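*Asks:* Got a structure here, written out as structure tokens. Questions coming.
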Amino acid sequence: MNNQIELYGANTGNSLRAAIALEEARIAYTACRLDLYAQEHRGPAYLALNPAGKVPTLIDHGTSPALVINQSNAIIQYADSIAPGKLAPAQPGPVRTRVIDRYFYFVTDVIAPSHAAFFLHQAGQDKAAAIIDLRVIEQLTYAESFLTGEFMAGEQFSMADISAFTIARAFRDRLEWKELPQLSRWFDSVEARPAVQRGLNAFKDA
Ligand SMILES: N[C@@H](CCC(=O)N[C@@H](CS)C(=O)NCC(=O)O)C(=O)O
């Protein structure tokens, strides 16, 4: 272990969201890649850290006892708490509140239903999954109206951009980009950020 923080994950939206947050917050960490196909997330060692057998999981060995976080969005909140000002304005106030507001829009109105559609699809309920996916696309399309500034919640990159980017990336082949000039501009600029690229590569196959 090189760093006091380890991030266990795989090449999935939830893991990448956590990795991008750590990169953008400039928090040193060691990425520990799990092979989901080989069921590494279902082995006893990992289940002891995350009994649900899901990725990601963050361990901070710098606390006593070591802190274990199992939710990607809680990892983003933790990154914000230990590196204030990088993922949202450090001071309470209207700008920070707008960041949180937009962040939760993507978490609850876009990412959560997309997970539900994924499970419906896996259960063979393709018609129901398609209805929810359509709703996800509508909600992403609506985000065009958020982009009156450079980023999702104004002029500063924030956790709202991280939650928005990972789900927009998952739906990139299904969005009408030509009708979404602001979203298109925003997506390209977020994707080009060095920290975002490092996060996207955190769990790539060796
Ligand atoms: N709410 C959790 C969801 C975690 C989750 O569902 N992870 C998926 C990958 S995106 C997973 O581990 N799937 C493997 C499995 O269920 O076997 C979070 O945001 O971290």
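*Asks:* Specify the residue that is farthest from residue 31 (Cα to Cα); the eligible residues are those in region 83-97 that are free of Cβ contacts under 8 Å to residues at least 60 places away in the same chain and not in a helix (DSSP H, G or I).
*Replies:* Top of the filtered list is 93.
*Asks:* Taking region 1-12 as the region of interest, how many residues are near the ligand (Cβ under 8 Å from one of its atoms) and either open to solvent by 10 Å² or more (accessible area, probe 1.4 Å) or modelled with pLDDT under 95 (or both)?
*Replies:* Final tally of qualifying residues: 1.
*Asks:* Could you check how many residues of region 13-30 are among the β-branched types (Val, Ile, Thr), within 15 Å of the ligand (Cβ to nearest atom) and open to solvent by 20 Å² or more (accessible area, probe 1.4 Å)?
*Replies:* Residues that pass the stated criteria total 0.
*Asks:* On the given criteria, is residue 128 modelled with pLDDT of 95 or more and over 21 Å from residue 99 (Cα atoms)?
*Replies:* yes
*Asks:* Within region 162-206, track down each residue that is touching a strand residue (DSSP E or B) at 6+ places or on another chain (Cβ under 6 Å) and open to solvent by less than 20 Å² (accessible area, probe 1.4 Å).
*Replies:* 203
*Asks:* Scan (1) within 30 Å of residue 138 (Cβ to Cβ); (2) under 19 Å from the mean Cα position of the chain (by Cα); (3) away from the ligand (no atom under 11 Å from the Cβ) for the single condition residue 94 breaks and write down its number.
*Replies:* (2)
*Asks:* Could you check, for region 98-110, whether at least one of its residues is assigned to a helix (DSSP H, G or I) and not assigned by TED's automatic domain parsing to the domain that holds residue 188?
*Replies:* no
*Asks:* Is one or more of the residues making up region 31-53 more than 16 Å from the ligand (Cβ to nearest atom) and open to solvent by 50 Å² or more (accessible area, probe 1.4 Å)?
*Replies:* No, there is no match, as no residue in region 31-53 is more than 16 Å from the ligand (Cβ to nearest atom) and open to solvent by 50 Å² or more (accessible area, probe 1.4 Å).
The values are calculated or read from the model by the stated rules, or taken from the named source; none is laboratory data. Owing to the predicted nature of the structure, the values given are computational and were not obtained by experimental measurement. Glycine also receives a Cβ, built like all others from the backbone with ideal geometry; neighbour counts cover every protein chain displayed. Side chains are part of the model used for accessible areas, which takes the heavy atoms of the whole protein and leaves out ligands, DNA and RNA. Shrake-Rupley method; radii C 1.70, N 1.55, O 1.52, S 1.80 Å.
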